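J.: This is the structure, below, for whatever I ask next.
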Amino acid sequence: MEDYRNKYFDNACTSFPKPAEVGNAMLKHLNEGGSYGRAAYNRIISSTRAVEETREKLGSFMGTKHFSNIVFDYNATSAINKILSGFSFKHKTVLVSPLEHNAVMRPLTLLGIKVEILPHNKDGYIAVEQISPSMIEHADMVIVNHISNVNGVVQPISQLKEVFSGTPLLVDASQSLGKVEVLADEWNIDFVAFTGHKGLLGPTGTGGFYVKNSDVLKATVVGGTGSNSASFEMPNYMPDKFQAGTPNITGIYGLQAALNNKPKNSWDWLTLHSILNELKQNSKIRVLCAEDYTFQSDVFSIFPCNEDVSGFAYKLNNEYGIQVRSGLHCSPLAHKTLGTFPKGSVRFSLSPYHTNNDLEFLYSSILNAI
Amino acid sequence: MEERRVLLFRNIHVVIQAEKVILEKGYWYQIIPVPSNISSECGMCIHIKTNDYKFIKYLLEAKGITHSSEII
């Protein structure tokens, strides 16, 4: 008898499955062709419309009316690199959440920027009330991983911006966009970096960033834009300023289809919370999740106390077909914060296509494997 | 022969925004390469009927879409 259970629990790595329309849209573009904005024949005009409609739709997903300030890039990492390398750091100091990914930590290290960790609870949730005035004064920027890719904690972005009203805030929305509310305008966020292939359910190779005020960034990647072509200088207007070269049009077709066909969750939060509660009762594992489930997303980890994390992940796959990622998840800082460095953890991340039955199968598989 | 006009924008992003506005109201238009005797930052422009220009201009301005125009 065929097993129809969805055993893929690595959606924080990349989402699977995608809406069927994603592949169809990409195939349509591959078969019909068309570049972006470089000429005025129908094939190009159609592709250009698709890119611009996707940009506008992304604006609604991230809560901004200023969708012209959304730039396409190939992933959040590339976008974060462009933001950080294009920003002028006066004090050479930034404040980061204790759950940052190496997509942030490595560029900061490369740039020689001093990093200070924001005060936080045991689960890495930022303790906004403990932020001191001196921290605010000398920080050039605050950088926050909106949802941790290790324990799934959702950070309090709007409260943070209230405290750091005069300090630029960069939100890494890699794990959050498409899953939880992102309100760039209302929260007054300065930069949002995003990827298309996780919570948005689009293809890999799509992503980018939103910038509230493009004047605060210089372009670090330059080239052809199809505009102001007589000049060797990059245009200073958006989105051209940060969008040199042909974008990933095929990927953007897929992303557009994903945005237009986003499914609702087929599982419920109570089931997930009850599974987390049950797992916490097991003395053989440590559960990495939010202390308060109000701030819990659909990502969590476990640390097997008496077993190697990679061996446990292998066992889950080999014996139960459960596909997960083990190790540090490119987030050594998060694991240092959570006390699981250098071994890391075994991470589980859900899809809207999972059902409560899939979650219960996951739970029983973990219990049997431990 | 009816006089024609082109609307000029700074980039293709704005051309597509303007096209959406014109399309919604059902005016005749074409996206064409900018005629070589006209100077424009963007290689594409929108060709419209001159008689429609005052209405289209109003719509574009209401949406905050900056443009210039030339008779061709």
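J.: Can you work out the FRET efficiency for the pair residue A:261 and residue A:186, with r the C-beta to C-beta distance and R0 = 25 Å, to the nearest 0.05? Provide the component values of the computation, followed by the final result.
T.: On the way: r = 26 Å, r/R0 = 1.04.
Efficiency computed from Cβ-Cβ geometry: 0.45.
J.: For the stretch A:186-329, what number of Lys pairs, 8 or more residues apart or on separate chains, have alpha-carbon atoms under 21 Å from each other? Don't skip to the end; give the middle numbers.
T.: Values: A:198/A:262; A:198/A:264; A:212/A:241; A:218/A:241; A:280/A:315; A:284/A:315.
Close lysine pairs found across the stretch A:186-329: 6.
J.: Are there chymotrypsin sites (Phe, Trp or Tyr not before Pro) in chain B that DSSP puts in a loop and that have at most 10 other Cβ atoms within 10 Å, and which ones? Each step should come with its number before you reach the end.
T.: Values: sites: B:9, B:27, B:28, B:29, B:53, B:55, B:58; in loops: B:9, B:27, B:28.
Loop-located and lightly packed - B:28.
J.: On average, how many beta carbons from a partner chain sit within 10 Å of the beta carbon of a residue in A:44-57? Could you put the intermediate results ahead of the total?
T.: Working: counts 3, 7, 0, 0, 7, 7, 1, 3, 8, 2, 0, 3, 4, 0.
Mean shielding count: 3.
J.: Also, quick follow-up: Please list the radius of gyration and Dmax for the protein assembly as shown, considering alpha-carbon atoms only, with Å as the unit.
T.: Both quantities, over Cα of the protein assembly as shown: 24.2, 86 Å.
J.: When a/c reaches 1.5 or more, the comparison of a/b and b/c decides; with that in mind, is the stretch A:20-260 rounded, prolate or oblate per its Cα gyration tensor? Write out the running numbers ahead of the final one.
T.: Working: a/c = 2.33, a/b = 1.58, b/c = 1.48.
Prolate shape, in that a/c is at least 1.5 and a/b is the bigger ratio.
J.: Taking 7 Å along the Cα-to-C-beta vector as the label spot, tell me the residue A:323-residue A:65 distance in nanometres, rounded to one decimal.
T.: About 4.3 nm, to one decimal.
J.: Just to check I understand the Karplus step: with θ = phi - 60° and J = 6.51 cos²θ - 1.76 cosθ + 1.60, what whole-Hz values come out for the stretch A:74-82, glycine and proline as x?
T.: Once θ is set to phi - 60°, the couplings for the stretch A:74-82 become 9, 5, 5, 4, 4, 5, 5, 4, 5 Hz.
J.: Follow-up. Tell me, what ³J(HN,Hα) does each residue in the stretch B:10-25 have, in order and in whole Hz, if you take phi through Karplus 6.51 cos²θ - 1.76 cosθ + 1.60 with θ = phi - 60° and put x for Gly and Pro?
T.: So the Karplus estimates, Gly and Pro as x, are 7, 7, 5, 4, 6, 4, 5, 4, 5, 4, 4, 5, 5, 4, 4, 8 Hz.
J.: Sticking with this one: Considering only DSSP beta bridges with both partners in the protein assembly as shown, what is the antiparallel share in %, to the nearest 5? Working shown, then result.
T.: Numbers: 39 of 56 bridges.
Counting only bridges with both partners in the protein assembly as shown, antiparallel ones make up about 70 percent.
J.: Scan around residue A:143 for amide H atoms under 5 Å from its own, H built in the peptide plane at 1.01 Å from N, and keep only partners 5 or more places away or cross-chain.
T.: Here A:95, A:96, A:97, A:170 satisfy the definition.
J.: Once a ≥ b ≥ c are taken as the square roots of the eigenvalues of the Cα gyration tensor of chain B, is the result rounded (a/c under 1.5), prolate (a/b larger than b/c) or oblate (a/b not larger than b/c)? Write down the numbers at each step before the final one.
T.: On the way: a/c = 1.63, a/b = 1.09, b/c = 1.50.
Oblate shape, in that a/c is at least 1.5 and b/c is the bigger or equal ratio.
J.: Please work out the FRET efficiency for the pair residue B:68 and residue A:165, using the Cβ-Cβ distance as r and a Förster radius of 35 Å; give the result to the nearest 0.05. Please report the intermediate quantities before stating the final value.
T.: Values: r = 38 Å, r/R0 = 1.09.
The value I calculate is 0.35.
J.: Let me know the mean shielding of B:6-14 by other chains, meaning the per-residue number of their Cβ atoms within 10 Å of its Cβ.
T.: Working: counts 0, 0, 0, 1, 6, 13, 15, 17, 4.
Mean inter-chain Cβ contacts per residue within 10 Å come to 6.
J.: Further question: Please determine, in degrees from 0 to 90 and to the nearest 10, the orientation of helix A:249-260 with respect to the longest principal axis defined by the Cα atoms of chain A, where the helix direction is its Cα long axis.
T.: Orientation of helix A:249-260: about 60 degrees from the principal axis.
J.: Okay, moving on. Counting only DSSP beta bridges with both residues in the stretch A:20-260, tell me the antiparallel percent, nearest 5. Display every interim value, and only then the final one.
T.: Numbers: 12 of 27 bridges.
Antiparallel bridges: around 45 percent, rounded to the nearest 5.
J.: Also, I was wondering about something else. For the stretch A:269-369, what size does the Cα cloud have along each of its three principal axes, sorted from largest down, in whole Å?
T.: 33, 33, 26
J.: Oh, and also: Using a 10 Å cut-off on Cβ to Cβ distances, tally the other chain neighbours for every residue of B:30-36 and report the average as a whole number. Please list the in-between numbers first.
T.: Working: counts 2, 8, 2, 3, 1, 0, 0.
The mean count of partner-chain Cβ atoms within 10 Å per residue comes to 2.
J.: So, one more: With a point put 7 Å past each Cα toward its Cβ, work out how far residue A:121 is from residue A:221 in nm, to one decimal.
T.: Distance between the two pseudo-spin positions: 3.8 nm.
J.: Moving on to the next point. Which trypsin sites (Lys or Arg not before Pro) in the stretch B:4-72 pass both tests, a DSSP loop state and at most 15 other beta-carbon atoms within 10 Å?
T.: On the way: sites: B:4, B:5, B:10, B:20, B:25, B:49, B:54, B:57, B:63; in loops: B:10, B:63.
Passing sites in the stretch B:4-72 are B:63.
J.: Report, in cubic angstrom per residue, the convex hull volume of the C-alpha atoms of the stretch A:68-163. Before the final figure, lay out the partial values.
T.: Working: hull volume 11.1 nm³, N = 96.
Considering the Cα atoms of the stretch A:68-163, their hull volume per residue is 115 Å³.
No lab work stands behind these numbers, since they all come straight from the coordinates. Just so it is clear, the structure is predicted and the values come from calculations on it, not from any experiment. As a convention, Cβ positions derive from the backbone with ideal geometry for all residues, glycine included, and neighbour counts pool all protein chains shown.
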